1. Hey, among the residues in region C:93-128 that are open to solvent by less than 10 Å² (accessible area, probe 1.4 Å) and assigned to a strand (DSSP E or B), which one's nearest to the other protein chains (Cβ to nearest Cβ)?
2. Within region D:106-122, is even one residue part of a loop (DSSP other than H, G, I, E, B), open to solvent by 10 Å² or more (accessible area, probe 1.4 Å), without any contact (Cβ under 8 Å) to a residue 60 or more places away in the chain and within 14 Å of chain B (Cβ to nearest Cβ)?
3. Which one is most open to solvent (accessible area, probe 1.4 Å) among residues in region D:46-102 that are within 13 Å of chain B (Cβ to nearest Cβ), part of a loop (DSSP other than H, G, I, E, B) and modelled with pLDDT under 95?
4. Condition first: under 23 Å from B:G108 (Cα atoms), hydrophobic (A, V, I, L, M, F, W, C) and in contact (Cβ under 8 Å) with a residue 12 or more places away in the chain. Can you find one or more residues in region B:164-173 that meet it?
5. Among the residues of region D:261-275, which ones are in a helix (DSSP H, G or I) and farther than 22 Å from D:E157 by Cα?
6. When you go through (1) open to solvent by less than 10 Å² (accessible area, probe 1.4 Å); (2) free of Cβ contacts under 8 Å to residues at least 40 places away in the same chain one by one for A:A115, which number turns out not to apply?
7. Any residue at all in region B:77-98 that is in contact with a His (Cβ under 7 Å, 6 or more places away or on another chain), part of a helix (DSSP H, G or I) and closer than 30 Å to D:D91 by Cβ?
Amino acid sequence: MSKTERIEIEPLARVEGHGGIRVEIKDNKVQNVEVRILEGPRLFETLVLGKTPEEDLSIVPRICAICNLSHKFAALRGLEKALGVTVPEATQLYRELMHHGEMLESHSLHLYFLALPDFLGYDNAIAMAEKYGDVVTKALALKKFANKVMRIMGGRMIHGENPILGGFGRLPDHRTLQQLREEAEGFLPFAMETIDLLASLEVPDYMERETRFLCLKPPHDGYGYYGDILLASDGKEYDVEDYKSVISERVVGHSFAKRGRYQDRPFTVGAIARVLNLGDRLTGKAREARDRLVNERWYRNPLYNNFAQAVEMVFSLEDMVRVIDRLLELDQPEIARPTRETGVGTGGVEAPRGILLHHYEIENGLTVSADIITPTAMFLDDVEAFIRRASESLLSKNELDNFELRLEMVARAFDPCISCSTHLVTVEFE
Amino acid sequence: MIATESVENPFQPEPARIVRQYDLIKDHRFFQIRHLDMSRAMSFTYNPGQFLMLSIPGVGEAPFSISSTPSRPGIIELGIRRTGRLTDALFRKRDNDIVFIRGPYGNGFKIDQMRGKDILIVAGGLGVIPLRSILYYVLDNRDQFGRLYFMYGARSPEEMLFKTEFFQLREREDIECLYTVDRASEGWTGEVGVVTKLFKYLPDIDPEGVNAVVCGPPVMYKFVIKELLKLKIPKNQIQMTLERRMKCGVGKCGHCVLDHLYTCIDGPVFTYWDTLHFRELI
Amino acid sequence: MSGTKTTTSGGESKGRERPRLGIYGLTGCAGDQLLLIHTEDHLLDIFEAFDVRSFVMASSNPVEEELDVAIVEGSVSTEEQREHLLEIRKRAKILVAAGNCATAGGVQAMYAKDGSFAERMRRVYGDDVKFVTEPIEGSPLDEFVTVDYYLPGCPISQSQVLALLSRLLHGEQPEPYPHPVCHECKLRENRCLLLDKKFCLGPVTLGGCGAACPSNGVGCTGCWGPNPDGNFEEHFKLLQSFGMSKDEIIRRVRNYGGHKILQYIKDLE
Amino acid sequence: MPHQLRLIRNDVAPAPTFQTGWVPTVRILKMEPKYFQAFIESLDKFGRVYAPVRRNGVLTWDTPERFEEIVLGGEHTMIPVKKLFHPMRFDMFRFDDSGFTPDYSSSEKRVIVGVPPCEIHSLLRLDEVFMERPVDPYYAQQRRDSAIIGYSCLPGENCFCRSTGTDIVEEGFDLFFVNLGEFYLVWVGSSLGHDMVLVHEDFFDDSVSHDDIKKYIAWRKKRDGMFKKSFDFRSMPDLMELSYESPIWEGFAERCLSCGQCTMVCPTCNCYNVVDVLDISSATSGRRERHWDSCMFVDYSLVAGGHNFRGARAERLKLWYTHKLRAYASEYGKPACIGCGRCVEACPVDINVLTVAEALVTMEVPAR
């Protein structure tokens, strides 16, 4: 590798969407690293201008199918803030149940079907099934269960329209809730077996470097997936409404996805950020799992994001049981109505792959401005940084076998949902 | 007092083998099929003008007129135009492949009423397929009927179905064959024009003693019936066979309904008298 | 006659090579590919029955060669994607457009052909950016290539995609379903939203979704695309009688109608 | 509820249509309201109980979780009871390379509680289609496996069953409860109904007094006076015939959305489509499914090759109304309309038997 070589990994296999990594190496030195997002622009923030909140809620989840309910949830939080909607406790709990469904679905898909084959050296989960048939079968069942939760709460598997402003169109009956509770409990042992499996794996270190982690701080003492405060691993906290001053964005020519930075430096979001920033709030089996797996290397190594997903699967299963138990005590909630037609609000939700912010400005019932920052947009700069680091360290150690695959693993660890990175800045409406 | 176990399922398709098939013209194919169960094949009978429901598993089921005559049992003949999903699949079948059939369905032509009468068969295009059944039935039972006139109009000589067969019929003395084409091509010496142009060749007939059977494209009926009425043939002695969408063949699914009649059980043969009552008919 | 079982001489399918299948995504949310992955019970059947050459969202090491069937999701939104699509078309005997983006352009095509694309690009990305590939306003596949079969919807329906795949597997054609959303909506025993003067595009939208939105009390958004038999004029009058302006109705019908709705509303706009 | 005459002339027994047995005379019993719940709850030994219950705000025929869920005596279910006999979707056959095997698995023993008179009539209408030779074995099996427990009702806003003669019922039930408030009159319509009574014989009293009859007559009078809608059905066949070329059809067609809701909710609509669904597998195996279809849909009369016998909306509308108001009657001597008013409630643009019947007279399409 003496002359200029260009390594292109495109498409980024098993990453949902259109990613491609371009690494330019000259004289054994990394010249340039680009994670290219060449999926076309969709201009979502212009699509909702002049639309009613009801239309916004139908349009924005189409940003990304994998976290469509996170988008729905974030949009609901932003729009409800803007319109002065206060949902009752039961509605909030149903939304948590829904979100647990998506978290479990996404994490199980990513961990068992996309990441584990990498760790264990298989092309895909079907190949992996020969030796790890039991894991694949149970993982499939877990994913199916998660899909069921999404279907029941969302209305269908993908882009369900059941969650509406102030509540839900249709709610499950108690019989269904009981069933979900039983199933959630039933999957806990498998989730804990997964923790054992992960604990036995050797995690490579060729990409390790320091970074920072951002997540949302839940409005209660526990662990959770939404909040109005941005919490950084440096200990700083910010009001989510000030997100623009915390996360700066830029446009690059090799990507239709924008790039976010915290204090002018790349940062990481997602399961790993949440477990690192909020892990001491975990209880029960999830706490056991976290204590078992987390170590100092997590702060430098994005591959541990997959481990963090496993911890969150345990949390979600346990928390679903808690949520359902409480729901069984509560009456079916009424749909909460807007108290105003003009207002501004930022909804913050932890999508499976990290912080998702939806900001809306509504005037007389119509959207005049919208800003959506997706987790992928936040961590893309960090992906590039880790890939650069990985390339450099592999080159310096002259470890050129499976070079591309090992870079891919790093990118994939972030669980990049590339389609959701098609994203925009605020559009100022004249 | 229905015990389902013992009730025949009228929707049950039975396997039948494609014995022989060949192209009539482009996208029109002739099929000979026979029930796989030989005793069923030999006992299977029908009236001219009746139809079958033919299935290809996974593709679907549709009605097809029977083109053969019950006077030649054992083999069922169908003439099929390739028009859609099911016929596409059927045209891919080879000899000895299996298809599924049930039937026969429909009323068929009113043979009893036709006996002893002169018979006038008027076919347009694809309409000749069901009429071929009654044509051969009359020829096979020649002594039971009076004079036989067979009018057939096709778009062009190349698009005439069963051309060889029908040309051979011209040599017989017990049938008067009158053929026409919309567009002549080289070598065509017959009539050119729509089928109604053939009526001028009919000798004087006793209208009360004639039974007419008509089948053709929907647009043809009005003009042909006008000619038949000019000849003063009684309205209930004019029979026509109609096409409709069908999903069951036994009067349940509703698709072929015409007023209170079902094409599949009350038809597909209707008299012109019927159509005066049910204006949607033609 | 009932329960007849007979051994036959076998169909055409025996000994046939498995059809080669490629699944691709252009610009969109990836929901249609994800839906295939979500067919859990059938995903393995698909992999068994078809020779899946390329499905990068589900499996690495794609083989980009001749295909019997290509399923393409997403709209054409960059020059590079246009070229990619042309290239897939060349290799594939049958091309299936999957999802609203591929069949109609998707939500990103709601302003189709109104001339605002350049301005909206500028608003979002600013003036100075030069992208490595030229952006194109979201367009359905059939703007550029011949599409053999359409699987509309946002996302597509599991039963429709399985019905299509199973027919293609045997070299057969799928059954059309030209009914409005109202058909399945009534079969789900929903109260008609129009009776309560709520916005719903059910009667002018093709069914197939199982009335996904109205079953949750949310009006149909039209994501299956226009129902050619729909009575658009009368339906718009009905919605206007609920107090909605014509502009608002047109705006909503365009949300998922993209390029395909234009011919149905051109006289109404 | 049973015809008044039957009260006195109990020598003429209604034919037990689809039950195995024959009751020589109609038995009419009395039951105190306090026994009703226990009696209904006892019926599960004759099959799974179905009744009108509310699901997601809509009244539907389903299996009640508790007795209290059952809604009786007035409000119609949105989808009629036909769905239990002519299912919205089911597998007719499984097929593979060796042929088609019928699938009768969707049937089960059932007791259908709370069927109003008009819907009992609708089943008798459907019988004319499905039980006529050749018998549809799927429908026949559901019919044989189901007991019908009729229940009297008071007319709702859109009921006009007096006009269609379906407000009373003489046959087609196993038991029929007339709710007179202080007690029930219970008609026993079949030997199965009789067996049901025998389970709790102590609940019933077979001495119907003259006073009870007077109460029943008074109730009938009161009910007859409650109807708000009516129409002259008897003139419909002629009017339909005369109006074949009427411009009102085009007028209604301009307004019709072809959504098909009228046909889905109509208790006597029976049209269906059949579709083969292949398994995802290299073998030619799969199932032949039957689905509800509607003559309001564009492909209803579309044949292969593209010819559509009813492409125009007006043709489709005319077919339906002709069928309901004239054609069915010419065939079976009674209208296909049972006066339930579901089409009145379901149509978003007010096309229904009443508005159409009116337009046939006035020759004007009424304003919405």
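The values are calculated or read from the model by the stated rules, or taken from the named source; none is laboratory data. This is a predicted model, so every value here is computed, not measured. Ideal geometry is used to build each Cβ from the backbone, glycine not excepted, and the neighbour counts take in all protein chains shown. Accessible surface areas use protein heavy atoms only, side chains included; no ligands, DNA or RNA. Shrake-Rupley method; radii C 1.70, N 1.55, O 1.52, S 1.80 Å.
1. Out of the qualifying residues, it is C:A98.
2. yes
3. Once the filter is applied, the top-ranked residue is D:D97.
4. yes
5. Within region D:261-275, none qualify.
6. In the conditions (1) open to solvent by less than 10 Å² (accessible area, probe 1.4 Å); (2) free of Cβ contacts under 8 Å to residues at least 40 places away in the same chain, A:A115 misses (2) alone.
7. Checking region B:77-98: not a single residue is in contact with a His (Cβ under 7 Å, 6 or more places away or on another chain), part of a helix (DSSP H, G or I) and closer than 30 Å to D:D91 by Cβ.
Residue by residue, here is whether (1) closer than 27 Å to B:L242 by Cβ; (2) more than 7 Å from chain B (Cβ to nearest Cβ); (3) β-branched (V, I, T); (4) assigned to a helix (DSSP H, G or I) holds:
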site	(1), (2), (3), (4)
D:C259	no, yes, no, no
D:V277	no, yes, yes, no
D:S294	yes, yes, no, no
D:G306	yes, yes, no, no
D:K324	yes, yes, no, yes
